[in-house]
Structure formats: structure tokens, C-alpha cells
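The values are calculated or read from the model by the stated rules, or taken from the named source; none is laboratory data. The structure presented is a predicted model; accordingly, all values stated were derived computationally and were not measured. Cβ placement follows ideal geometry from the backbone for every residue including glycine, while neighbour counts extend to all protein chains displayed. Ligands, DNA and RNA are excluded from the accessible area calculation, which covers all protein heavy atoms including side chains. Shrake-Rupley method; radii C 1.70, N 1.55, O 1.52, S 1.80 Å.
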Amino acid sequence: MDEDVFDAIVVGGGFAGLSAAYRLATAGRSVLLIERGSTCGAKNLTGGRIYSYALRALLGERWHEAPVQREVKREVLALLTETDAVSVESTLTSADQESYTVLARPLLAWLADQAEEAGAMIVTGTTVDSLIVRDGRVRGVRADGDELEARVVIDCEGINPLLLEREGLIRRLDPHAVAVGAKYVYRFGSAREVDRIFGVRPGEGTAVLGMGAVTHGVFGGVFCYANTDSVSLGLVLDSAEWKASGRPILDTAEALREHPALGRYVDGGELIEYGAHLVYEGGYDTLPAFSGDGWLVCGDAAGLCLNRGFTIRGMDYAVLSGIAAADTVIEATQAGDALPSAQALTAYGTRLEQSMLRDFRTTRGAHDWMSSTIDLFTVYPQLAVDAMAALYHVGPEPLTPVGTTLWRAARQVKKPVRTARTLLKGVRTL
């Protein structure tokens with residue numbers, strides 16, 4: 001094989017791309033990673049939360065050196081009306097180093113350093129213009145007027161894999177499988193101030209997920225994460241429904257800080273970053289092909305994001321898919337194939353099926369259920385708030401038994417049998 005031909009070219013320096021590059025480099029494979037941003041993480045908005053098992057799978061015990069923010073010990077699930085909220089708060093001190101809030105920029109920059117130290121070549125500030133395709137096989141990429149060849153190209157472009165789309169190698173992104181998110185990051189004067197706002201011990205973090213009136217009846221939800229000395233606040237909305245609503249998403253996102261249950265987390269903070277980002281939420285039945293002749297696709301580009309309403313996962317799947325892609329290339333090149341066959345690269349899909357895709361199969365239908373159960377974002381939050389307001393109300397009138405109070409709230413459900421069936425279906429799909 002020509003020495004100028006890389007074992008792999010990775011397009012995109014996010015979690016999936018850097019994980020693949022690191023894994024390949026540590027196995028002694030020649031790998032070139034091309035990132036469009038000025039640095040890895042420079043244009044990345046996917047900060048939020050990462051589950052540490054994925055970092056451990058990539059880095060072993062060295063994952064403890066990664067610049068994560070706070071260990072999540074407090075979980076809050078909130079149902080929101082225009083002015084009120086009912087929250088389920090869980091303080092889980094027994095959760096041992098399970099998940100951490102993160103800011104993408106410093107963590108990805110650190111991962112890039114690890115990949116380079118392992119031997120990966122990383123080029124930033126460069127856009128890949130197109131794939132090199134000969135006789136139906138992807139042979140490399142064109143970038144800044146140069147043609148760069150590889151035995152395999154690993155596409156980690158993010159949610160919109162334009163390179164594969166343009167060549168007709170992957171179907172176009174379905175707008176009904178995509179949500180749009182907006183995120184704001186507010187900085188505070190010290191970590192101690194963030195401790196005080198969230199009521200946590202030093203180093204401990206909080207993850208808040210919520211749904212209700214703040215999305216104006218559109219399928220979606222809000223999130224809030226406590227970082228070391230900053231707070232991330234934002235929302236994710238079904239893109240098709242939101243487009244039909246005609247509401248500007250940034251106006252709605254900015255209004256989050258006015259909600260009493262959310263604004264208290266960012267009051268007094270300095271806005272240092274904001275932006276919008278597409279999020280894949282189509283579920284198992286909408287996932288694309290994962291490999292072809294000379295190419296693999298990972299992370300967001302492969303639709304590997306899962307929203308269950310109370311957890312949002314994507315970064316851990318991105319890391320694991322990068323590992324799986326790298327292991328597939330390593331195995332295929334060990335077999336001695338100068339150019340691994342399309343059949344050999346299907347081992348990548350098998351690896352995904354045996355790992356993270358089990359989660360997607362378990363939640364098959366969850367996206368459709370949530371998107372079709374609009375009461376989740378309108379009626380149920382209001383019922384919960386009404387019930388709790390009645391329970392806590394104290395006035396001159398005689399006390400009302402708890403059972404009577406709850407029964408009055410339940411009677412507001414117009415079709416209780418259908419509602420019960422709907423909720424049972426949701427429990428099964430989630």
C-alpha cells in the first residue's frame with residue numbers, strides 16, 4: 001500500500017471523531033483527523049452531560065484526568081406551567097462517578113491532545129469539500145485543493161453528514177427525525193456561587209430536565225446543568241412542530257430565564273455563550289446505514305442520540321461509536337486487506353447492534369409516543385401543579401382530605417381510560 005495512503009481519515013473533531021482517532025493511533029494505525037473549526041471543540045455546542053463509562057472504555061483509568069466539570073449527584077425532573085412547577089428531586093450520593101457535566105470546548109481540546117500524543121495527525125481550520133470516490137468506493141477526501149487518500153474514511157461530521165449525502169451514500173436527513181436545540185451558558189464569579197445556587201457540595205453537580213408550558217405545546221423540553229463556575233440552560237424542540245408554530249426559537253429560549261423555576265439558576269450570571277444546534281431524535285427505525293464501501297459513519301452523523309425525557313444521551317454513544325469504528329478498521333486491516341471490503345466493514349454495524357443499539361431497540365417507539373402525546377407538555381404539567389397547589393393550600397376554609405383533593409385533580413382528565421392507556425404505553429416504550 002502507498003505510504004501516502006492513511007489507514008483512516010476521520011472527518012470531524014467531536015467526541016466520535018477524536019475517539020476513533022485516539023483508538024486507531026494507539027493501535028499503531030496511521031490516522032488523519034480533519035476538523036473544520038479553528039480547534040477541536042471550537043464550534044461544538046454539545047456540552048451538557050457525559051456518562052463516564054464511555055470515557056473509561058476509551059481511556060482506561062486515565063479518564064480521571066479529563067477536564068470534566070461537576071459530578072452529577074442531584075437529578076431534578078420538572079413539570080412546568082407558565083408560572084409554576086412541580087419537581088421530582090433525587091439526591092443520589094450513592095452514584096459513584098457515574099456522570100459529569102461538561103463543556104465541550106475544553107474536553108474536546110484535551111481529547112485532541114491525547115489523540116495527537118498517541119500519534120494521530122490532526123489538522124484544524126480545514127473544510128473537507130468532498131469525498132474521493134472511484135469505482136463506487138470511497139478512497140479519501142478533497143480538502144483545500146488537496147486529495148488525501150485512505151483505506152477507510154470515518155465520517156463524524158455531526159448531525160448533517162453532507163459528504164455522504166452528496167454522494168448518495170446515505171439518505172438525506174429527515175426533518176421529522178430532528179429536533180432543534182438552543183443553549184445559553186452563564187458564568188458566575190466562583191464555583192462556590194454555583195454551589196450555593198444549586199444547593200450542592202463543592203464539586204457536585206445538578207442536572208435539571210423539564211417539560212411543559214415553556215415549549216408552548218410543542219414536543220420538547222428544557223435542560224439546565226451546573227458546571228464548575230457556570231450554568232448551561234437551554235431547550236430542545238421538535239423541528240417540524242416548531243416550524244409550524246411560527247415562534248422564533250431564540251425568543252422562547254431567552255424567555256426561559258424569566259421562568260421562576262429556571263431563572264433562579266442563572267440570575268446574576270454573565271452570558272458568555274449561546275447558539276443553536278440540531279439534535280437527532282428519530283429513534284431506532286430512522287437510523288441510517290452505518291457503513292459502505294470504504295466508509296463508516298459515527299456519532300451524531302449516525303443518529304446516535306437518545307432522549308427519554310428524563311435522560312438525554314449522545315456523547316457517550318459518540319465515544320462508543322468512535323471506538324467501534326476504529327476497532328473495525330483495525331480488525332479489517334489486520335486481516336491484510338489493502339482496501340477493506342464493504343463486507344468487512346459491516347462488522348461496525350454488528351458492534352453497534354451488540355452494544356448501544358440495544359438501548360435504541362428498547363425505546364423503539366418512544367419518540368413517536370412522546371411526539372403524539374401532546375398532553376405531556378400541556379395538560380399533565382397543569383394537573384400536577386393544580387394538585388400540589390391544592391395540597392399545600394392553607395386558608396380559612398375547612399381542610400380537605402388528601403384523597404378528595406387528588407380525586408378532584410384526577411377528575412379534570414377528560415378521558416381517563418384513554419389517558420391511562422396512553423401513559424401505560426409510554427411506560428412500556430421508555
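Please enumerate the residues belonging to the range 4-30 that are part of a loop (DSSP other than H, G, I, E, B) and within 20 Å of residue 142 (Cβ to Cβ).
Initial filter on the range 4-30 (part of a loop (DSSP other than H, G, I, E, B)): 4-5, 12-14, 27-30.
Result: 4, 5, 12, 13, 30.
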Notebook entry, point to check: For the subset of the range 313-356 comprising residues that are modelled with pLDDT under 90 and in contact with a helix residue (DSSP H, G or I) (Cβ under 8 Å, 6 or more places away or on another chain), which member is most open to solvent (accessible area, probe 1.4 Å)?
Noted result: 335
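Can you give me the number of residues within the range 90-144 that are assigned to a strand (DSSP E or B) and either in contact (Cβ under 8 Å) with a residue 60 or more places away in the chain or not acidic (Asp, Glu) (or both)?
Going through the range 90-144, the residues assigned to a strand (DSSP E or B) turn out to be 90-91, 99-102, 121-123, 128-134, 137-143.
Imposing the further condition that a residue be either in contact (Cβ under 8 Å) with a residue 60 or more places away in the chain or not acidic (Asp, Glu) (or both) reduces the set to 90-91, 99-102, 121-123, 128, 130-134, 137-143.
Here the count works out to 22.
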Check: Restricting attention to the range 284-312, which residues are surrounded by 24 or more Cβ atoms within 10 Å (Cβ to Cβ) and out of contact with any strand residue (DSSP E or B) (no Cβ under 8 Å at 6 or more places or on another chain)?
Finding: 299, 302
Checklist line | Complete set of residues in the range 124-141 that are closer than 23 Å to residue 25 by Cβ, open to solvent by 50 Å² or more (accessible area, probe 1.4 Å) and in contact with a strand residue (DSSP E or B) (Cβ under 6 Å, 6 or more places away or on another chain) | finding: 139
Item checked: Failed condition for residue 68, given (1) aliphatic (A, V, I, L, M); (2) in a loop (DSSP other than H, G, I, E, B); (3) modelled with pLDDT under 95; (4) crowded, with 17+ Cβ neighbours inside 10 Å -> (3)
Next item on the list: Taking the residues in the range 179-219 that are of a type in the set (Ser, Thr, Tyr) and surrounded by 17 or more Cβ atoms within 10 Å (Cβ to Cβ) as candidates, determine which candidate is farthest from residue 50 (Cα to Cα).
Entry: 215
Note to self: Considering only the range 92-106, I want to know if a residue exists there that is over 18 Å from the mean Cα position of the chain (by Cα) and crowded, with 20+ Cβ neighbours inside 10 Å.
What the structure shows: no
Checklist line | Count of the range 22-50 residues which are at pLDDT below 95 and among the hydroxyl-bearing types (Ser, Thr, Tyr) | finding: 3
Item checked: Flag if residue 272 is among the β-branched types (Val, Ile, Thr), over 20 Å from the mean Cα position of the chain (by Cα), open to solvent by 40 Å² or more (accessible area, probe 1.4 Å) and farther than 24 Å from residue 176 by Cα -> yes
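Would you check if residue 50 is open to solvent by less than 10 Å² (accessible area, probe 1.4 Å) and within 20 Å of the chain's Cα centre (by Cα)? Working first, answer last.
On the way: open to solvent by less than 10 Å² (accessible area, probe 1.4 Å): yes; within 20 Å of the chain's Cα centre (by Cα): yes.
Considered against the rule, which asks whether it is open to solvent by less than 10 Å² (accessible area, probe 1.4 Å) and within 20 Å of the chain's Cα centre (by Cα), residue 50 comes out as yes.
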